Amino acid sequence: MLRDGPALMDPNALQESSRIPPDARTHFKVCRFIMEAGVKLGLRSIPVATACTIYHRFFTEVPLESYDPYLVAMAALYLAGKVEEQHLRTRDIINVSHRYMHPRSEPLELDAHFWELRDSIVQCELLMLRALCFRVSFQHPHKYLLHYLLSLKHWMNRHSWDRTPVAVAAWALLRDSYHRPLCLQHAPQHIAVSVLYLALQCYGVEVPADAEAERPWWQVFSEDLSKNVMDQIVLDLIQIYMLDTEIS
């Protein structure tokens, strides 16, 4: 998580952002598991994002109480590896997950329990595919953020850009956004612009000549993005950091 998350909104907005849905805490913890397990499994950022998106989409179709969210997360990692052509072995997913949930225990033996868990992951994968009507390919904000960062870097003063970790913060914000289902609620271009906007705000970096321009810099990148939508995405990101503070 990006440490010292943003506190940029007015008090009324912050009060509104504290009204977090009850299931959000569980989904936050499970998505953190997906991200950390993904790193240990050597997954790139896009497969991890796909796994989180599959997980969020599945739980928009079914109630949380009906399924073990960690089993769904393990199946989402397995399926995302196939979708993004970075295949994972179920054995590796089980071992990493077991170590994550039971850090002081011995590795799992290849016994009946192991094979039951393996079969559960495979069956859960099939269930997820049916629940999502086999629509498991997504357009992520990553390519847009990369393009926007490269463009903005050419607009900025080189010294100002090099001395502030705006790019690092933007990528961290984008990664953290997958703790909640922003990827299902907003266009990928809007998310990319919004995390970049928030990263600039966090470090007090101003885009040159933005005040004199006919329209703000963020609307140059995404013409159909409104300030209200961007503020809502920022508010959703703040909720993530409020949850992180509450849970940690």
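Some observations on this one:
- Applied to region 130-147, the Karplus parametrisation 6.51 cos²θ - 1.76 cosθ + 1.60 on θ = phi - 60° returns per-residue 3J(HN,Hα) values of 5, 5, 9, 6, 6, 8, 10, 10, 10, 9, 9, x, 4, 5, 5, 4, 4, 4 Hz, with x for Gly and Pro.
- Highest-fluctuation residue, 34, 191, 93 considered, GNM on the chain with Cα pairs under 10 Å: 93
- For region 92-101, Karplus couplings with θ = phi - 60° (6.51, -1.76, 1.60), whole Hz, Gly/Pro x: 5, 4, 5, 5, 5, 5, 4, 5, 5, 7
- Lys pairs under 27 Å by Cα in the chain, provided they are eight or more residues apart or on distinct chains: 9
- By accessible area, using a 1.4 Å probe on protein heavy atoms only, the chain has 51% of its surface on carbon and sulfur.
- Residue separation of residue 120 and residue 231 scaled by 0.36 nm, minus their Cα-Cα distance, works out to 35.9 nm of gained length.
- Where trypsin sites (Lys or Arg not before Pro) fall in DSSP loop in region 105-147, at most 12 other Cβ within 10 Å: 135
- Value at 222 nm in deg cm²/dmol, rounded to 500, when DSSP H runs of n ≥ 4 in the chain each add -39,500 (n - 2.57): -21000 deg cm²/dmol
- Shape call, region 74-184: gyration tensor on alpha carbons, a/c limit 1.5: prolate
- Structural descriptor for the chain: relative contact order 27 percent, calculated from alpha carbon pairs under 8 angstrom and at least 6 residues apart.
- Residues residue 39 and residue 110, FRET efficiency given R0 of 35 Å [Cβ-Cβ distance, rounded to 0.05]: 0.90
- Take the chain with all the other protein chains still there, run a 1.4 Å probe, and you get 52 Å² of accessible area per residue.
- Note on the chain: Cα-only Rg and Dmax are 19.5, 69 Å.
- Förster radius 25 Å - calculated FRET efficiency between residue 61 and residue 98, Cβ distance, rounded to 0.05: 0.35
- Sparse packing (at most 11 other Cβ atoms within 10 Å of the Cβ) combined with a DSSP loop state is found for the following chymotrypsin sites (Phe, Trp or Tyr not before Pro) in region 126-201: 134.
- Taking Cα atoms only, the orientation of helix 45-61 departs from the longest principal axis of the chain by about 70 degrees.
The values are calculated or read from the model by the stated rules, or taken from the named source; none is laboratory data. No experiment lies behind these values; they were computed from the predicted model shown. Glycine also receives a Cβ, built like all others from the backbone with ideal geometry; neighbour counts cover every protein chain displayed. Ligands, DNA and RNA are excluded from the accessible area calculation, which covers all protein heavy atoms including side chains. Shrake-Rupley method; radii C 1.70, N 1.55, O 1.52, S 1.80 Å.
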